[in-house]
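A quick write-up on the structure given underneath.
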Amino acid sequence: VRIGDYAWFRTQIPLRFASANWSGNWKTQQYGLSGRLMVYLPDPIPEDQDFEAEALVYYPIYSVWKTGQFVKMEFVGNFSPETSTSSGASENEIPGSKGKLKFKATAGNQVVDYVAMMDESGARIIGSYVSQSPSDIGFFFIQKY
């Protein structure tokens with residue numbers, strides 16, 4: 001099934017995203033779903049200012065939701081190189097972090113808020129998200145290509 005899913009994924013990628021500069025995976029905590037991501041981020045990523053980005057979220061052929069489909073999302077993001085990703089009162093720096101990214105995206109009625117940390121090489125981003133309509137939480141990982 002996974003080999004078939006990978007073949008389906010590779011052959012169905014819209015031309016616009018065939019050359020996306022970041023890709024990775026996502027997984028929900030609430031529904032047990034997971035899939036792939038293809039993302040266009042500005043290069044270089046602007047510091048301390050809003051920027052636009054777009055992503056393609058893929059749901060595998062064995063998914064119970066949006067089986068084998070791609071969903072395009074448009075984001076407004078902000079990268080803060082001097083800010084930790086802690087949401088609490090701690091000012092402790094996270095070792096190996098280049099900074100914090102925050103994104104907000106919409107896809108139809110769904111609104112998704114993301115917070116992520118970029119590694120010190122600037123080539124990997126890992127983070128989490130909270131979604132409304134449907135309500136969900138999860139995490140993602142992308143890397144630069």
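Determine the calculated [θ] at 222 nm for the chain from helices alone, applying -39500 (n - 2.57) to every DSSP H run no shorter than 4 residues and normalising by the residue count; nearest 500 deg cm²/dmol.
Only helices count here, giving -2500 deg cm²/dmol.
What list of ³J(HN,Hα) couplings, whole Hz, do you get for the stretch 105-115 from phi and the Karplus terms 6.51, -1.76, 1.60, once you set θ to phi - 60° and write x for glycine and proline?
9, 9, 8, x, 8, 7, 10, 10, 10, 10, 9
Which angle between 0 and 90 degrees, to the nearest 10, do you get for helix 2-12 versus the longest principal axis of the chain when only C-alpha atoms count?
For 2-12 against the chain, the angle is about 80 degrees.
Can you check what the net charge comes to around residue 16, using other residues whose Cβ is under 9 Å from the Cβ of residue 16 (Lys, Arg +1; Asp, Glu -1)?
0
Cα-based Rg of the chain per 2.2 N^0.38 Å, rounded to two decimals?
After normalising by residue count via 2.2 N^0.38 Å, the value is 1.05.
How many lysine pairs are close in the chain, with Cα atoms under 25 Å apart and the two 8 or more places apart or on different chains?
Taking the Cα cut-off of 25 Å, the pair count is 16.
One quarter of the convex hull surface, Cα atoms only: what value does that give for the stretch 94-145 in nm²?
Projected area, direction-averaged: 3.9 nm².
Where a number appears in this text, it was derived from the coordinates with a stated rule and is not lab data. All of these numbers come straight from a predicted model, not from anything done at the bench. Reconstructed Cβ throughout: ideal geometry from the backbone, glycine too, with neighbour counts over all protein chains shown.
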